[in-house]
Every structure is written in C-alpha cells, then in structure tokens.
Amino acid sequence: MSDYLPTIGLEIHIELATQTKMFCSSRNDSDEKRPNVNICPICLGYPGTLPVINQEAVRSVLRVGLAVGGKVADYTEFDRKNYFYPDIPKGYQISQYKNPLVNGGELAGVKLTRIHLEEDTAKSLHNENSKLKIENSLLDFNRAGVPLMELVTEPVIKTATEASDFARELQLLLKYLNVSGANMEKGEMRVEANISVSNQQPTTNNQRLGTKVEVKNLNSFKVVEKAIKFEMKRQIEILEQGERVVQETRGWDEKKEVTFPQRLKESAHDYRYFPDPDLPELFVAEIPDFAPEALRRAMPELPWEKRERYKRDFRLKEGDIEIYVRQPEWGRLLEEVAEILGNRDLVQLASNYITSDLKTPVSAISLAEVVKMISVGEISSRGAKDILKIIQEKGGEPRTIANEQNLIQESDREVLEKIAKEVLRENPEAPIDFLVGQSMKATKGNANPQVLKEIFIKIL
C-alpha cells in the first residue's frame, strides 16, 4: 500500500451570502423552508428573459482571491455550460470557463488553480412511495440561480487529513470575509474530491498520475476524509488485481460508507462551452469598486494574520490560539480583556481561565477584575475559579462575590507572622511546605500562601 502515490485535488462550491440571486432579483435565502417561493421568470429560464450580473457576488469572489494571494483577472466573461438535467431549468448553466475571475493563489499550503463564479442548480428531493414502490423526484427552485463560487485546487494534496484541513481553513476564511455562512449541513459549502493513485515512482519533478475519479457532494469534513480514504483503498485494490481504474464520477453512501458509481466522467468539450450572448464582458481592471486597493481597504484581519498576532503579542499556546481564531465569541472576549489589562502576562493568565474554566463567555470587565485580584494576591487561583463559576451561573460583580464567599486572602504580614510563629512553635522540625499548609488550615484557606512562604523563609 505504501508503494502507491495518492494525488488529490479538490473542487469546492460555496453559496455566496448575497441578498439576491446571481442573475435576477429573487431573494437568496438558504433558510427558506417553503419550496419554490424565491423564484422568477429569469431563474426559471423562461424564454425572452435577460440575466443581470450580481455585482456583490463578483466582489465577494475577488475578495477571496485577494485574500489567498491569487491574480485577479483584468478581463472576464460568463459562459454557457450546456447539459440537460431536471435541476437546470434553462438547459445550460451560466458559469466561467477560460476566463475565471481569479487565477492561482495558495491557502493552508495548498496551491490553487482558479476561483470562478457560476449559478447554483435547483434542489432535487427524492422520495420513495412506500405503496407503489416507485421513486418520485421533486424540484425546489429556490436554490436555482443562487451565486456559487467554485474554488479549484492544484492536484497537490497527498492525504485525506490534508484535504479536510484545507476545507476547514477555507470555511474559516469565508466566514472572516463574511462572503458565505459556509454551513456544510445546509449545503452552503460542498466538496468534491478528485482522487487518483499511481504505483509509478516519480522521476525528477515529474510524477505519472493515475486515473482520476471524482467523488461528489461531500457534505462534512469527516465525510471528506472517509470518502478519500475509501476511494484510495478501492483504487489500490483494483491496481493490485492488475485491472484498470475507470475514470468516472462517484457518489458517497453515508450508511455503507462506500463510494458508488454515478456516471462516466465528462470532459470540457462535452459541455460545449461558449460565451453567454446575453451577458456583457467584464473589464474588471476598469471598474473602480473592483480595484485591488479598494478591496484591500475593506479586508478584515485574516485568520493566519490573527494567529501570528496572538503568538507575537500574547505568546499564547497554539491550541488556545485556534480556539480564539475559530470561535469568534471567545476571540472577542480575549481581545476586550487584553485591551483592559494591557499586560502580556496578565493576558496569558486570563487566557488560561478562558480555556479552562469558562463554559460561556462572561463580561470582559469581570474577567479582567478577577485576573487583577489574582495578580496582586487578593484571591487564590481556587478562589478565582469559584468566582468565575458563580458569575456564569448567577452573575454578579467579582469583588462582591469574593467578599460574600469569604474568598479574599489575608495578606497582612503582621497577622500572618503571628500565625506562622504559632505553627512553627507546634512543628519546629517540619519543612516549609508543611508549615505553609498548616498555616493555611489555621486561617481556613484565607491566607496568602506566597506571603506565608516568604515569612517562614525569613524566620528560619
């Protein structure tokens, strides 16, 4: 098995979060439950209707392209991709062929081929009639015509884990740019994997690739990994038997956890691409709103930039950084607390409590106050945990809770010296840690252990 070389490329379709569809004014709403309400003559393909390009959809793709370091096209056009299927009302899909909006780029160490824009298809619903034992297919055209961004990677991915990690990073980027919810369960992000294996060893920089098989509509990161692993194993077994892998499109059976054949893989010429005569050519470089400088000004801090800043400014652990980068509510809390504390060491302490003791976010002011009280020795670490627990369950102000729960540590040296001398008189030969423990017991846990330790070192 290790003698075989896997090659994986991904094609990922993302529904863009625009207000309206790609070429008409029908509403783009992935949460709509009623079938066939967000439709019009244009997205239903009525004769005589004319499409109009959605400017926000174009802008969204360009922003993604800039974020991944791709080359934005100076010129682009839309093409008709001709094929018949019930979910394509016009008998063709408006897509982009030779002139995509973005070429190249890189994300998560994976080189990209292109990013282009097209329209989504209708949603097919298949129901089995239990009485007649026949299959009925229903179509919901709410999704037909929704702006669909397609991102294609180079065939440089080598493992199923690398593929799913790439898809996760892309989903994160889309959310940061606010161009898509990228919810895979709702079909807003759909992964297709092109997989081949070869037993030919590469010579210099050239590798002879095996026969490519496409596995379509993978709707979760776990499924992406499972499907790729299964398909690699299936192809290797075919080659081991001396047979040839068929170039085809396959689906994924979630229950059986296997891929299954759907149809032979089409080539580009099968779709008979040609420029859509109803849509104008786009000279992107001549449109001020699409200028790279204008798009960059509106660009937020990107995930990898945030990771680097957290590492540089706060020196946080990588695992903690991922929590803040991927979960916005925790990231916002950290940022607000850091603004209040203004000290790297205290921010690190706050981060420890966020990742270890908080199940739900608390106010930044409360968390910062707890951290300050720990840093000056007013409360112990145990006391801080108790205060945060009460705040999450009942609310309240940290200092008030500390007083009510008797969590304020005794740090008065005169008071603690008297206690220390009494404990030492009773245990003259005991080690310091034991003496500190006995002193804590005498004060019912309210003494500052660090101050006690300093006192015993001074006395002894």
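Just so you know, all these numbers are worked out from the coordinates, no wet-lab data involved. Predicted model, so just to flag it, every value in this text is computed and none were measured. Because the Cβ atoms are built from the backbone with ideal geometry, glycine has one as well, and the counts that use them run over all protein chains shown.
According to the square roots a ≥ b ≥ c of the eigenvalues of the Cα gyration tensor, what is the shape class of the range 173-262, taking rounded for a/c under 1.5, prolate for a/b larger than b/c otherwise, and oblate for the remainder? Cα axes put the range 173-262 in the oblate bin. The structure shown yields Cα Rg over 2.2 N^0.38 Å, and of the options (i) 1.35; (ii) 1.05; (iii) 1.19 that calculated value carries the label (i).
Pair-distance distribution P(r) for the range 274-388, from all Cα-Cα distances in 5 Å bins starting at 0: 2, 10, 18, 16, 13, 8, 6, 5, 5, 5, 4, 3, 2, 1, 0 percent.
Apply the a/c threshold of 1.5 to the C-alpha gyration tensor of the range 74-113 and tell me whether it is rounded, prolate or oblate.
Values: a/c = 4.51, a/b = 1.94, b/c = 2.33.
Oblate, since a/c reaches 1.5 and b/c is not below a/b.
When both the range 145-191 and the range 234-301 are represented by their alpha-carbon centers, they are found 12 Å apart. Beyond 28 Å between alpha-carbons counts as too far, so tell me which of Lys98/Lys212; Lys21/Lys212; Lys111/Lys222; Lys175/Lys389; Lys175/Lys359 fall in that bin. Among Lys98/Lys212; Lys21/Lys212; Lys111/Lys222; Lys175/Lys389; Lys175/Lys359, the Cα-Cα distance tops 28 Å for Lys21/Lys212; Lys175/Lys389. On the principal axes of its alpha-carbon atoms, the range 72-195 has extents of 53, 35, 29 Å, going from largest to smallest.
The stretch between Lys33 and Met299 holds 92.5 nm of extra length on full extension. This uses 0.36 nm per residue minus the Cα-Cα distance. Using the structure shown, list the pairs from Lys186/Lys256; Lys90/Lys256; Lys385/Lys418 with a Cα-Cα distance above 26 Å, or answer none. Flagged as over cut-off: Lys90/Lys256; Lys385/Lys418. Only one residue of Ile455, Asn38, Ile88 has its Cα farthest out toward the positive end of the dipole of the chain, where Lys and Arg carry +1 and Asp and Glu -1 on Cβ, and that residue is Ile455.
When peptides 236-242, 79-85, 365-371 are ranked by their average number of other Cβ atoms within 10 Å per residue, the highest-first order is 365-371, 79-85, 236-242. For Leu107, the residues whose amide H sits under 5 Å from its own are Leu112, ignoring neighbours fewer than 5 places away on the same chain, with H placed 1.01 Å from N.
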